[in-house]
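All remarks here apply to the structure that follows.
The values are calculated or read from the model by the stated rules, or taken from the named source; none is laboratory data. For clarity, every value in this text was computed on a predicted model and none was experimentally measured. FYI the Cβ positions are ideal-geometry reconstructions off the backbone, even for glycines, and counts take in every protein chain you see. Each accessible area value is taken on the protein alone, full model and side chains, heavy atoms only, with ligands, DNA and RNA left out. Shrake-Rupley method; radii C 1.70, N 1.55, O 1.52, S 1.80 Å.
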Amino acid sequence: MKKNIIYSSLFLLIISVSAASEFRLGRDYGSLSNPLPVKQDGVVDVVEVFWYGCGHCYNLAPVVSKWVKQQDASVNFQKMPVTWGPVHQLHAKLFYTIEALGVGDTAHSAVFTAIHKEGNYLASEGAILKFLEKLGMDRSETIKYMNSFSVRQKVKRAIELSKQFKVTATPMIFIDGRYRIEAKGGHSKMLEVVDHVIALQKPVS
């Protein structure tokens with residue numbers, strides 16, 4: 001019985017390694033023509049580009065949240081809002097305001113719920129202010145952060161990176177500003193490809 005368990009475990013390990021080795025550049029993930037400068041700090045940067053109004057991003061959010069908790073200090077994960085048009089840039093402003101207010105854990109989820117479950121598309125600053133007030137945020141404090149230099153600069157940086165990364169859909173995940181992974185074949189496969197590319201990017205010990 002014990003031998004059977006060992007053989008089964010080895011078989012599953014072989015299958016897992018085999019599946020991972022099947023991920024190929026140009027098919028399962030792409031490279032950027034204008035990548036970010038190479039870093040030498042040993043940390044792999046993972047950026048998920050998303051939009052609050054994207055249904056796939058809404059469904060991916062809890063899956064990514066669970067995945068992030070499984071990572072160690074060698075992986076630096078960040079979310080970056082897409083900035084295609086006025087409503088996307090407004091929602092980017094909302095994202096960075098929430099971050100500045102320090103209420104990201106609850107507020108980001110609440111935004112997704114408001115848009116996808118309650119039909120509140122938060123399509124104006126007034127709607128956003130009212131929404132954040134309901135979450136307990138002080139209106140004057142929210143306005144201060146929404147109009148702050150820091151939030152404006154972060155939105156500007158997101159616009160620049162979206163253009164450099166050539167973001168054409170959401171969600172997309174970028175590794176070290178060099179590789180692009182799209183949501184093909186479901187969320188689980190997407191994160192399997194992410195794990196594969198992260199392993200390639202980690203320095204050999």
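What are the equivalent ellipsoid semi-axes of the stretch 125-205, built from the alpha-carbon gyration tensor (square roots of five times its eigenvalues), in whole angstrom, biggest first? Each step should come with its number before you reach the end.
Values: eigenvalues 237, 53, 36 Å².
After diagonalising the Cα gyration tensor, the semi-axes are 34, 16, 13 Å.
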>> Give the aspartates and glutamates reachable from LYS66 as a straight Cα distance under 17 Å; neighbours fewer than 8 places away on the same chain don't count.
In response: GLU48, ASP105, GLU192, ASP195
>> Starting from the 7 Å offset along Cα-to-Cβ, what nm value, one decimal, do you get for the label separation of VAL38 and GLN71?
In response: 2.2 nm
> If you line up the Cα atoms of the chain on their principal axes, what length do they span on each, largest first, in Å?
Replying inline: 65, 42, 28
> If each of ALA123 and GLU160 carries a label point 7 Å out from its Cα toward its Cβ, how far apart are those two points in nm?
Replying inline: 3.2 nm
> Considering amide H positions built from the backbone, and no H for Pro or chain starts, which residues 5 or more places from VAL44, or on another chain, come under 5 Å of its amide H?
Replying inline: VAL75, ASN76
>> Springs between alpha-carbon pairs under 10 angstrom, Gaussian network model over the chain: which of GLU125, GLU141, GLU99 fluctuates most?
In response: GLU141
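Here are some pairs, LYS93/LYS156; LYS93/LYS154; LYS79/LYS166; LYS39/LYS202; LYS156/LYS184; which of them have Cα atoms lying more than 18 Å apart in this structure? Show your work: numbers first, answer last.
Values: LYS93/LYS156 10 Å; LYS93/LYS154 8 Å; LYS79/LYS166 16 Å; LYS39/LYS202 11 Å; LYS156/LYS184 29 Å.
Too far apart for the 18 Å limit: LYS156/LYS184.
From the C-alpha coordinates alone, can you work out the Kirkwood hydrodynamic radius of the stretch 93-154, in Å? Could you put the intermediate results ahead of the total?
Working: mean 1/r = 0.0862 Å⁻¹.
With all distinct Cα pairs of the stretch 93-154 included, I get 11.6 Å.
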>> Can you work out the Karplus-derived ³J(HN,Hα) for every residue in the stretch 110-122? Use 6.51 cos²θ - 1.76 cosθ + 1.60 with θ = phi - 60°, whole Hz, and x for glycine or proline.
In response: 5, 5, 4, 5, 4, 6, 8, 10, 10, x, 9, 7, 6
> How much of LYS130 can a 1.4 Å solvent probe reach, expressed as accessible area in Å² and rounded to 10?
Replying inline: 120 Å²
